[in-house]
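Working notes for the structure below.
Values quoted throughout were computed directly from the atomic coordinates according to the rules given, and no laboratory measurement underlies them. The structure presented is a predicted model; accordingly, all values stated were derived computationally and were not measured.
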Amino acid sequence: MDGPDDTGGQDLLGHVLLPVANEEDALRTARALDPYDPARVTALHVVEKGDGVPDKTPIEQSEELAAESYAAVRTVFPDAAEHTAYARDVVEAIFDAAGEVDASAIAYQSRGGNRLVQFLSGDLSAEIATDAPVPVIALPRADADE
């Protein structure tokens, strides 16, 4: 994984987009990515917007959550860039952000839950893994019971 991939010589770990949900998730995901030594990391936080309904959380609270998430990523990757997206569709926002920051890959860590929970909530992991415009790196979870 430390060399160019077979799809045109781009380094898979040249610029990794790291979607994060909150401070705890950001730290856990950054630590999972750390052993792979990416050259560059951009942390992404998506603020979910409502469609004709009030937003899930006030914008100030969402931006504070993003700032805490970025700070957690920087404890592992001090030079990590940050990118905040405001969107209704989280997966589409991740894909758009990958293009906007010219990411070589998207790295994420499944947040777990049983299959029923994943089905009912919409399995974002499956959508990310199957529809992404760039390679996707599924990071191992330290504790399978999380």
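Please list 3J(HN,Hα) in residue order for the range 62-73, calculated via the Karplus relation 6.51 cos²θ - 1.76 cosθ + 1.60 where θ = phi - 60°; whole Hz, with x for glycine and proline.
Karplus values, whole Hz, x for Gly and Pro: 5, 5, 5, 4, 4, 4, 5, 5, 5, 4, 5, 4.
List the residues, sorted by chain then number, that are 5 or more residues from Ala105 or on another chain and whose placed amide H is less than 5 Å from its amide H.
His15, Leu17
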